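A short write-up of the structure that comes next.
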Amino acid sequence: DTQNNLGKAVVGTVSGSSISFGTPVTFLANNINVMDVSYDTSAQKVLVVYRDANQSNHGYGKVGTVSGTSISFGSATEFEDGLITNLAVAYDENAGKHLIVYADYNDSSYGKAVVATISGTSVSFGSAVTFVSNEANYNQVVYDSTNQKMVVAWNRATTATEAAVATISGTSVSFGTTATVHSGYD
């Protein structure tokens, strides 16, 4: 939104090769400048994660419920009480959880990951885990449905692009051996 960078969401309905939209809904009436969203196939809800500029750029999440062409949101829950950057989220269908990855600016921009669980219109978070003890830029996370694992990729301090397999167990996540995708910074 061009008015104070409000956080807004809108439901899109696909029909053939066309899409129509409902009315935009404000989920954050504050300044928002970093966000991502994932869909929970089990709960049939969306999880919006974002950095709230009016709350010292801390990380928050909200659950969205779609009804017809409208969406409503539950309350905000904080997952990181420090400034975050490079935020991404994806849903693990096997674990039934979301994995949020981000750089923790207050901890030397180390790459961190946290598991999110949706229950009704609320979200809860596990403890953050460091996946790279270095500056983590351009973080991405995707679900590998064949192997039923998450894959996290990042650029480490502009020296290399790296990736690792992430395994969710309950409300925690562990990482396999880091692999170098590309040396250098492109």
- prompt: Residues of segment 165-186 being over 16 Å from residue 117 (Cβ atoms) and not in a strand (DSSP E or B), which ones?
  reply: 176, 177, 178, 184, 185, 186
- prompt: Taking residue 138, is it buried (at least 21 other Cβ atoms within 10 Å of the Cβ), of a type in the set (Phe, Trp, Tyr) and either touching a helix residue (DSSP H, G or I) at 6+ places or on another chain (Cβ under 6 Å) or under 26 Å from residue 28 (Cβ atoms) (or both)?
  reply: no
query: Of all the residues that make up segment 130-164, how many are assigned to a strand (DSSP E or B) and either in contact with a Ser or Thr (Cβ under 8 Å, 6 or more places away or on another chain) or not β-branched (Val, Ile, Thr) (or both)?
result: 23
query: Here are some conditions: (1) closer than 23 Å to residue 141 by Cβ; (2) touching a Gly at 6+ places or on another chain (Cβ under 7 Å); (3) surrounded by 13 or more Cβ atoms within 10 Å (Cβ to Cβ). Residue 42 meets all but one. Which one does it not meet?
result: (3)
query: Any idea how many residues of segment 8-52 are in contact with a strand residue (DSSP E or B) (Cβ under 7 Å, 6 or more places away or on another chain) and either of a type in the set (Lys, Arg) or at positive phi (or both)?
result: 3
message: If I ask for residues that are open to solvent by 60 Å² or more (accessible area, probe 1.4 Å) and polar (S, T, N, Q), which ones from segment 23-37 would you list?
response: 23, 26, 33
statement: Within segment 63-85, the count of residues that are in contact with a helix residue (DSSP H, G or I) (Cβ under 7 Å, 6 or more places away or on another chain) and crowded, with 21+ Cβ neighbours inside 10 Å comes to 1
- prompt: Say we look at segment 86-115 and pick out the residues that are surrounded by fewer than 18 Cβ atoms within 10 Å (Cβ to Cβ) and under 22 Å from residue 170 (Cα atoms); which of these is farthest from the chain's Cα centre (by Cα)?
  reply: 94
- line: Of (1) without any contact (Cβ under 8 Å) to a residue 60 or more places away in the chain; (2) on the phi > 0 side of the Ramachandran plot; (3) not aliphatic (A, V, I, L, M), residue 86 fails just (1)
- request: Hey, could you check segment 1-50 for residues that are free of Cβ contacts under 8 Å to residues at least 40 places away in the same chain and hydrophobic (A, V, I, L, M, F, W, C) and say which is nearest to residue 115 (Cα to Cα)?
  value: 46
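The values are calculated or read from the model by the stated rules, or taken from the named source; none is laboratory data. This structure is a prediction, so every number in the text was calculated from the model and none was measured. FYI the Cβ positions are ideal-geometry reconstructions off the backbone, even for glycines, and counts take in every protein chain you see. Side chains included, ligands, DNA and RNA excluded: accessible areas come from the protein's heavy atoms. Shrake-Rupley method; radii C 1.70, N 1.55, O 1.52, S 1.80 Å.
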